[in-house]
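First the structure, in the form of C-alpha cells, and then the observations on it.
The values are calculated or read from the model by the stated rules, or taken from the named source; none is laboratory data. In this text the structure is predicted, and so the values were computed from the model without any measurement. Cβ placement follows ideal geometry from the backbone for every residue including glycine, while neighbour counts extend to all protein chains displayed.
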Amino acid sequence: MRFPLGKIRYFLVFLFVILAANFLVAQKIRDNNAGPGEQMVPNGDGSAHAAARPTGQTVVQGNGINYHNGPVLKGNPVPIYIIWYGNWTNGPKPSDSAATVSLIETFLASNALGGSSYEAINTTYGDTTGNVSGHLNFSGAVFDNYSAGTKFGDRSLPGIVSRGISAGLPNDPNGVYLVLTSSDVSETSGFCRTYCGFHTHNTINGNDLKYAYIGNVDKCPSGCEIQSTGPNSPATGVGGADGMSNVITHETEEAITDPDLNAWFDSSGNEDADKCNFKFGPTKTAANGAKFNQTFGGLNWMIQMEWENSRGGGCDQTLGGAFFTN
Amino acid sequence: MMKERASLTLLLAFYCFAFIGMPIFSAAQEPEKPALTPRIITATKQVTMFSGIEKQMLQAVEKKDKAALEAMLTEDCNLHLPDADLLAGEDWLASVMSKDFVLKSFMIRQLDVADLGNAAVVSYDRVQESTHKGQNDGGEFYVVDLWKKDRDNWKLSDRYVSKVSSTPYMPKGPIKPTGKQ
C-alpha cells in the first residue's frame, strides 16, 4: 500500500495554520498603562484599566472610601421590591411567618427606615450627576412558592427575579429587588457559612436590575444574628425577622451606593456597609431584654452602623452623629 | 523515504495527543470549579472575625512583630507543606522573622469558616509579594488553618499550605469588589 505523503504534508500544514490562528485569537492585549496619579482597577480576568477620577462636585473623596465612576441609585425614594420565596406562612422555623413578612415590610416603609436619619447617611454618597436621596420605600411584594426548589445557587436568582416581575412586580432598573427565603431553603454558594446575604446586578428582562439575596437568619443564628431574641421577636429565641432587618439594611445601603459594583468601595474592596459589618455602636435594652440602637416607624431596631462619607469617614448611627468603632 | 515516513508518523501522533489526549488528560485532573459570581456579600460573624485575625497575623509577619505572632500560635503549632517534613511553629516563626524574608504586601480572598465550637477550620486564598534572600518568593497560596479557642483568644494549631501559582496578579490600584473578599 502506498503512503500518501503529499496529502499528509498538506494536512499537517493545515493543522499548523489552524493551531496558529487559535493561538493568535486567544491573545488579549493588556492595557495596563496608568497615567500619572491614576490607579489601576482589575477587570477580573488578569487585565486592568485605569480607574476614572470623579469630575462632579457631588462626589466627595478622602473619607476612607473611594469613588470608581459608576452610578448610584438616586431615586427619591429608591423603590424596594420583595420576593418572599418559600414558605412564609408556616415554615419550619417560627419566624417563617406572616409576622416576619409584616415586620420587614413595615421596616422598609418611608416612615420607618426609608425616611430615617440613619438612611440619610447615604446622602454622603453620589455620582457625577447627583447624590443619593437618603430615602427608600417598600414598593411591592410577591410570593414565590419554591419555583427553583428548596436548594439553588446564584444562577437561579435572575430567574426568580424575572418570575417576580411576571407575577406583578415592575421591571425597574432604578429599584432594588430583595429575594428573601424561608429557613428551609438553601442557597448553595455559602449562605450561613460564608455570608448572610449579598447583592449584585444582572440583565433581567432587558434591564440592568439590582437584586439582593437574604435568607432567614434563624437558620444560622450563630453566624448571622447579633442576638437570638430581637426587639420585635414574638417569642424568646425567634429573632429571624430582626436579624433579617439588619442584613437587609446592609444590602440595601450597598445596592444604592454601589448598584453595579463600580461606584463606592475602599482599597480593600469593602463597600460602605462592609466597613461597619456587625458594628452597632451604643445600644439600649428593650422590655423583652433585647438590645436595640434605633427607633423609627414606632418600633425599636438593632441594625449595624453605616460608613458616613464625610468628616474623615466613620461608622455612625445617624447622619452627622458620633463615630464608633464597635 | 522511510525516515520521512517515520517522522511524519511521529508528527501525526503528536497532533493526535495535542488534540485528543491533552484535553482528556487535563479534564480528568480536577473537578469542574463553579464560576465566581460577581456579588458583594454580608460576611457572617465568623468570616468577619477570622478575616481580621488572619490579617493581624500577616501584619505581624510584615512588621516582624515576633511577640504578636508568637501569641497567636499554640505551643505545638505545626505547618504542613507539600513534599516536605512537618515544620514546627517555632521554626516557621524564626524563618518569617529572619531578615532574609521580606513580606511586601498581601491580599486575602475567598475566606471561608467552618465553625466547630471551640475549633474552627478557616480556608482562603492568599496572594503575597515577598522575597527570600532577595529572590522572589511570592505567589498565590491556598491555605487551610485549624484554629483552637484558648479562653477568649483563638490560636493557630495547624496550617496546611499549597502553592497555587508563583506569578500572581497583584493589583496596584484599588481592588474591585467581587464579593468574595
When segment A:204-220 is checked residue by residue, the ones that are surrounded by fewer than 21 Cβ atoms within 10 Å (Cβ to Cβ), more than 10 Å from chain B (Cβ to nearest Cβ) and either of a type in the set (Gly, Ala, Ser) or without any contact (Cβ under 8 Å) to a residue 40 or more places away in the chain (or both) are A:GLY206, A:ASN207
Next on the checklist: Given the criteria at pLDDT 95 or above, polar (S, T, N, Q), in a strand (DSSP E or B) and in contact with a strand residue (DSSP E or B) (Cβ under 8 Å, 6 or more places away or on another chain), does A:SER139 qualify?
Outcome noted: yes
Subset of segment B:127-161, residues in contact with a Leu (Cβ under 9 Å, 6 or more places away or on another chain) and modelled with pLDDT of 95 or more, comes to B:ASP145, B:LEU146, B:TRP147, B:LYS148, B:LYS155, B:LEU156, B:SER157, B:ASP158, B:ARG159, B:TYR160, B:VAL161
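Within the group A:ALA112, A:ALA98, A:ALA120, which residue is of a type in the set (A, V, I, L, M) and free of Cβ contacts under 8 Å to residues at least 12 places away in the same chain? So that I can check it myself, show each step before the final result.
Numbers: A:ALA112 fails: free of Cβ contacts under 8 Å to residues at least 12 places away in the same chain; A:ALA120 fails: free of Cβ contacts under 8 Å to residues at least 12 places away in the same chain.
Result: A:ALA98 is the single residue among A:ALA112, A:ALA98, A:ALA120 that is of a type in the set (A, V, I, L, M) and free of Cβ contacts under 8 Å to residues at least 12 places away in the same chain.
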Review point. Given the structure, is A:LEU319 within 11 Å of another protein chain (Cβ to nearest Cβ) and not in a strand (DSSP E or B)?
Key: no
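Could we say that A:SER310 is farther than 26 Å from A:PRO77 by Cα and surrounded by fewer than 23 Cβ atoms within 10 Å (Cβ to Cβ) here? Can you show your working first?
Working: farther than 26 Å from A:PRO77 by Cα: no; surrounded by fewer than 23 Cβ atoms within 10 Å (Cβ to Cβ): yes.
Answer is no for this residue.
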The condition of being within 14 Å of another protein chain (Cβ to nearest Cβ) and under 26 Å from B:ASP152 (Cα atoms) holds, among B:ASP112, B:ASP125, only for B:ASP112
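For residues that are closer than 12 Å to A:HIS199 by Cβ, of a type outside the set (D, E, K, R) and at the interface with chain B (Cβ under 10 Å from one of its Cβ atoms), tally how many sit in segment A:252-266.
2
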Across segment A:267-293, the tally of residues that are within 14 Å of chain B (Cβ to nearest Cβ), over 18 Å from the mean Cα position of the chain (by Cα) and under 21 Å from A:GLY240 (Cα atoms) stands at 1
